[in-house]
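The values are calculated or read from the model by the stated rules, or taken from the named source; none is laboratory data. Predicted model only: the values in this text are computed from it and were never measured. Here the Cβ is made from the backbone with ideal geometry for all residues, glycine too, and neighbour counts use every protein chain on show.
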Amino acid sequence: MQIYDLIIIGGGPAGYLAAERATHGGLSTLLFEMKSLGGVCLNEGCIPSKALLHSAKVFEYATHGDKFGVHVENATLNHAEVVKRRGKVVRTLVAGVGAKMKGAGVTVVKQRASITGRTADGFQVSADGTDYIGKRLLIASGSSPVVPPIPGLKDALEAGFALTNREVLELPEVPKEFVIIGGGVIGLEMAAYYNTAGAHVTVVEMLDHIAGPTDREISDLLLKEYQKKGVTFLLGTKVTALGTDKVLCEADGKPLELPADKVLLSIGRRANTQDLGLETIGVEVTRQGIPTDAQGRTNVENVYAAGDVNGIYMLAHTAYRESEVAINTMLGKRDNMRYCANPAVIYTKPEVASVGMTEEEANAQQIPYEVKKLSMRYAGRFVAETEGEDGLCKVLVHSVHRNVIGVHMIGSYASEIIWGAAAMIEQELRVEDAKQIIFPHPTVSEIIREVIWEFED
Ligand code: NAI
């Protein structure tokens, strides 16, 4: 039986990047993936949803081109073609991950793996009747949609009336009445696409705001923008049951009935810790996931976890960094995971991007801060490239230490700009340091520089 330096369970962003980094670091590595390389992100999450949203953006440009002096007659969005293109994008990138694994010398086994115990040489992992030994393990098994015990929901999922993030990306037709349960990231991105594609979208959210922990001023602007575009938001509303063609809700104690052709369930995700055999070697599991320290170590020596399965931030880019930290630790390099500069993006139109503390968080933690904000229209390129649109950029600075602690934006290009703000926070740049950075002109990114210059040093 071959003994590997490292066995990784799960071939999503955490698993495949860890495999690549590990082999480059000289570790013989075996990667198990039971579905398709790339995990949820590449196959049924981040990437295919961006393909859909880009088609929606192109369609919006075509239909509103007259504002820019470009007249397009009878522009149509062909949903079936959009879905087909999404498949091509996914296949290209999955093949790319496969090629990367091959190039890096990672052994990939496309089977469901489970841990079956320990031997003198390491941990035993079994798949389809074959046993493998790893001196170290990295659990990168990801997450799955939360399915709450709402009456009628299970049947609705089985019947294809209710959908998860997977099915919503390959619907053959655009539903007329589309009800989305949960006004978080998935709910909002899919509301954005299906609204542009012609559905009447209703978002049912139990909180009094959308977009979860996003800065409230920014999430309120996003809400207003999509209300203007025709999306109905029912805030403070709980779903009580699903029928075969309707969703039953309750708001302020009053019942409400929403007719629906399709329903999307997007109320969060749960770490995949079941059926992995974690108990056979004593790995601790909580309701949140597998607890890890700042190096990605679990409670069992030489067993690590990274990505959604730790339940900390269920974001692909966070998973990348967690897996790098875990591999560096295995290789004896000092590294540790910090989450204070972890960007988050919602790919609606306008985009929302943020990093670091919100005002709500700073207040809750009694951190003294100053906040400055400007309309995105202070950036020349934003004015040149938009018509009748606005946006906002907010920067939070620690009142005493004068370092940047949060940046929150709504407007075009926000997703591509936010990493610069993350670098400022990660490097603990003070206002006077940040003022020395030269930004390219004209770019929308200059808005950050404009806001930074609103602060005294
Ligand atoms: P989420 O946690 O972002 O949002 C779920 C929303 O559902 C919350 O606002 C919650 O209050 C609401 N909710 C919960 N139970 C409800 C109920 N019974 N009735 C009505 N509302 C209810 O979860 P989501 O959107 O499912 O996304 C899952 C994960 O995927 C997230 O962790 C997210 O970070 C990740 N993701 C990230 C993306 C990005 O970075 N752009 C895109 C898509 C997903």
Quiz prompt | Checking residue 86 against (1) touching a helix residue (DSSP H, G or I) at 6+ places or on another chain (Cβ under 6 Å); (2) under 22 Å from residue 171 (Cβ atoms); (3) not in a helix (DSSP H, G or I), the condition it does not meet | solution = (3)
Practice problem: Within the stretch 423-434, identify whether any single residue is at positive phi and in contact (Cβ under 8 Å) with a residue 12 or more places away in the chain, and answer yes or no. | Solution: yes
Quiz item: So which of 8, 3, 47 is surrounded by fewer than 24 Cβ atoms within 10 Å (Cβ to Cβ), β-branched (Val, Ile, Thr) and under 16 Å from residue 123 (Cβ atoms)?
Solution: 3
Self-check item: Breaking point among (1) crowded, with 23+ Cβ neighbours inside 10 Å; (2) out of contact with any helix residue (DSSP H, G or I) (no Cβ under 9 Å at 6 or more places or on another chain); (3) of a type in the set (A, V, I, L, M), for residue 251
Solution: (1)
Quiz item: Only one of 197, 191 is more than 11 Å from the ligand (Cβ to nearest atom) and either small (Gly, Ala, Ser) or under 25 Å from the mean Cα position of the chain (by Cα) (or both); which?
Solution: 197
Practice problem: Give just the number: which of (1) crowded, with 24+ Cβ neighbours inside 10 Å; (2) more than 12 Å from the ligand (Cβ to nearest atom) does residue 177 not satisfy? | Solution: (1)
Quiz item: If only one of 207, 223 is within 19 Å of residue 345 (Cβ to Cβ) and either surrounded by fewer than 21 Cβ atoms within 10 Å (Cβ to Cβ) or basic (Lys, Arg) (or both), which one is it?
Solution: 223
Quiz item: Where residues in the stretch 372-398 are over 21 Å from residue 436 (Cβ atoms) and among the hydroxyl-bearing types (Ser, Thr, Tyr), which of them is surrounded by the most Cβ atoms within 10 Å (Cβ to Cβ)?
Solution: 386
Quiz prompt | Residue list for the stretch 27-50, filter: part of a loop (DSSP other than H, G, I, E, B) and either within 13 Å of the ligand (Cβ to nearest atom) or within 13 Å of the chain's Cα centre (by Cα) (or both) | solution = 45
Exercise. Of the numbered conditions (1) surrounded by 21 or more Cβ atoms within 10 Å (Cβ to Cβ); (2) over 24 Å from residue 222 (Cβ atoms); (3) free of Cβ contacts under 8 Å to residues at least 60 places away in the same chain; (4) not small (Gly, Ala, Ser), residue 194 fails exactly one; give the number of that condition.
Key: (2)
Quiz item: Restricting the stretch 309-334 to residues that are within 14 Å of the ligand (Cβ to nearest atom) and hydrophobic (A, V, I, L, M, F, W, C), which is farthest from residue 414 (Cα to Cα)?
Solution: 309
Quiz item: If you take the residues in the stretch 254-277 that are loosely packed, with under 14 Cβ neighbours inside 10 Å and of a type in the set (Asp, Glu), which one is nearest to the ligand (Cβ to nearest atom)?
Solution: 257
Quiz item: Can you tell me how many residues in the stretch 127-155 are more than 30 Å from residue 243 (Cβ to Cβ) and assigned to a strand (DSSP E or B)?
Solution: 11
Quiz item: Is at least one residue of the stretch 153-162 within 11 Å of the ligand (Cβ to nearest atom), within 29 Å of residue 415 (Cα to Cα) and at pLDDT 95 or above?
Solution: no
Self-check item: Selected residue (only one of 139, 115, 133 is under 21 Å from the mean Cα position of the chain (by Cα) and closer than 30 Å to residue 27 by Cβ)
Solution: 139
Exercise. For the stretch 152-165, name all the residues that are of a type outside the set (Lys, Arg) and surrounded by 13 or more Cβ atoms within 10 Å (Cβ to Cβ).
Key: 152, 153, 155, 156, 157, 161, 162, 163, 164, 165
Exercise. Keeping to the stretch 179-223, report how many residues are under 22 Å from residue 41 (Cβ atoms) and in a loop (DSSP other than H, G, I, E, B).
Key: 7
Practice problem: Return the pairs, sorted by first residue and then second, in which the second residue is aromatic (Phe, Trp, Tyr) and at pLDDT 95 or above, the first residue lies in the stretch 335-354 and is closer than 21 Å to residue 388 by Cβ and within 13 Å of the ligand (Cβ to nearest atom), the beta carbons are less than 9 Å apart, and the residues are 6+ apart or on different chains. | Solution: 348/226; 351/413
Exercise. Sort out which residues of the stretch 175-214 are more than 13 Å from residue 230 (Cβ to Cβ) and small (Gly, Ala, Ser), and write them in order of number.
Key: 182, 183, 184, 187, 211, 212
